[in-house]
Amino acid sequence: MDRRFAIAVVLSFLTLFIFQVWFAPKASRKVIPVGSDTTHVVPGTTELNPIEGTTAPPGAAMAESSNAVFPRSETGESVFAHNTQLDMSFTTLGGRLASCSLKDYKAKDGTLVGLMKGTGELDVLLESGKEFINLDNVVFSHHESTGPSGEQVITFEATGANGVRVTKTYTVPSSGYVMRMDVAIAGNPSIDQYRLVWEHGLPMVEDPKQDRMASGTVVMAGKDVTTLHPSAFRKASTREVTGNVRWAGVRNKYFIAALVPPPETASRVIGTGNLVAQETGVELVMPLQNGSGNHSIQVYLGPLDYTMMKPLGLGLEHAVNLGYKFVRPLSQLLLVCMEWLYKFVPNFGIVIIIISVLAKVAFYPLTRSSIRSMRALQHLQPKMEELRTKYKKDPARMQKEMMALYKEYKVNPMGGCWPMLVQMPVFIALYAVLANCIELRQAPFFGWINDLSIPDVAFRVGTFPIHILPVIMFLTTILQQRLTPITDPRQKMMGYMMPVMMLFIFYSFPAGLNLYWTMNNILTVAQQWNIHREAEREKMMVVAT
């Protein structure tokens, strides 16, 4: 395989991977557009009122509500809850979550990271045939108690005029990011099901570009994880995901609010979105029998931390983007290695350098074989060009003669490519870990590199940021190209273009990823220089004998 094809393979893999990770919408096992009608009936009126973020089933006509009339208000009372990780407040309007802050995580301005956009969430939307009953401004009574293990228990209850009772009980443990939410509904057989709604997504607290690309509604149904970014709602304001729902929620780059229903109870999730507002929401559809039901739902409000989520046994670790399924085991292993190294070297920048060195050492035999095969092919280029010219009108004969030439000089035409392809899963896994894992969030390296999860900004020219690591990566890529002479003029343009393309692609990447790639280039240059020296020594020994 000649150098041009090898470069094309690498660039193709890189381009495809970047497109899939950053731009391509994630497909699910079954995603059904529900529609764009957001008109609902408010009980006790004949007026059709728009309720943002909820929608009727397809084809359902709106009718005047004949269901329960609840006491409503524009103001409510706040109820507060705390543990070692969370600061929360609830409101008696709808018995909803009104605010949630994470004590262990801070935003850029030094304030605690919040998971709310200023409005109540965990709302209950009742469905009765073709009608919807929204409870977001229904006045709930409440009382507080203490659980057997010291949990804070807050119970909200509302009763409609015809006896419909809705009870929402929040149990907040003394520590951790998971609280239990018990929802009990009874009193009206015509109520078919209800939706547990998180309407407004999560606020953006990181680099705006990165948060926008990662934000969306995320659902795990069966073994499939579906992510619906705002772009998924370009043609319709709702999308439906069906299957055995394990959990559903909304996320940004590093945090998630997820609802985990009891096993085998939920089979539908409605994703809602607004492309203009760049916002998505989620509605978990829960079944009722004869208008009654009691469900215990786990609510996770916290970081997308794989090692923290895995022991919970809820399957939420699958929300962490560790790459394609075929590289996830590698990504998990790399993440474990990084966290283990961090115990001894408490600087993730140095950990990345160590990982880079270990990867290069592990793949040195493959790299050596690849470089030697490419050198051998370069030496054969004049003879190969002669065969192309001689048999240009007879492709079959030309191929036969080429194979004979490879056999005569003991050159494997695939020798320069296969070693690179074998390493691609590891590179992809490293990319996924370094680009997405919360461990690098606000992790400093040295000097101007004070956050490995965002691009390094040394200074600005006007409003244009100057990132140093991508420039170093660019220069080392040029040096790497220089150490592999190109004798075929047709390949020179690709050799010149590759460093420029890499600079363009990597310029706005997180510093951690650029640090790895830069170290990889530096180590590759060192390996090439050493391999070339070995080849020259071997050549001199052959001449001497």
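Figures for the structure shown
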| quantity | calculated |
| --- | --- |
| Matching residues in segment 200-216 - criterion: being out of contact with any helix residue (DSSP H, G or I) (no Cβ under 8 Å at 6 or more places or on another chain) and either on the phi > 0 side of the Ramachandran plot or modelled with pLDDT of 95 or more (or both) | Gly201 |
| Selection status of Ser296, modelled with pLDDT of 95 or more, closer than 17 Å to Gln193 by Cα and of a type in the set (Gly, Ala, Ser) | yes |
| Verdict on Arg180 being within 30 Å of Asp211 (Cβ to Cβ), basic (Lys, Arg) and surrounded by fewer than 19 Cβ atoms within 10 Å (Cβ to Cβ) | yes |
| Any hit, segment 435-455, residues being outside any loop (DSSP other than H, G, I, E, B), modelled with pLDDT of 80 or more, in the same structural domain as Tyr516 (by TED's automatic domain parsing) and over 30 Å from Tyr324 (Cα atoms) | yes |
| Of all residues in segment 399-430 being among the small types (Gly, Ala, Ser) and at pLDDT 75 or above, the one that is nearest to Thr367 (Cα to Cα) | Ala429 |
| Residues (in contact with a strand residue (DSSP E or B) (Cβ under 7 Å, 6 or more places away or on another chain) and at pLDDT below 50) located in segment 65-98 | Ser65, Asn67 |
| Elements of type strands (runs of 3 or more DSSP E) in segment 99-199, at least 3 residues being modelled with pLDDT under 90 and more than 20 Å from Leu86 (Cβ to Cβ) | 131-134 |
| Members of segment 334-349 found to be in a helix (DSSP H, G or I) and touching a residue at least 12 places away in the same chain (Cβ under 8 Å), listed by number | Leu334, Leu335, Val336, Cys337, Met338, Glu339, Leu341, Tyr342, Phe348, Gly349 |
| Residue satisfying all of: in segment 308-333; assigned to a helix (DSSP H, G or I) and touching a strand residue (DSSP E or B) at 6+ places or on another chain (Cβ under 9 Å); farthest from Cys437 (Cα to Cα) among these | Leu312 |
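The values are calculated or read from the model by the stated rules, or taken from the named source; none is laboratory data. A quick note: this is a predicted structure, and the numbers were derived from the prediction, not measured. With ideal geometry, Cβ positions are generated from the backbone for all residues, glycine too; neighbour counts draw on all protein chains shown.
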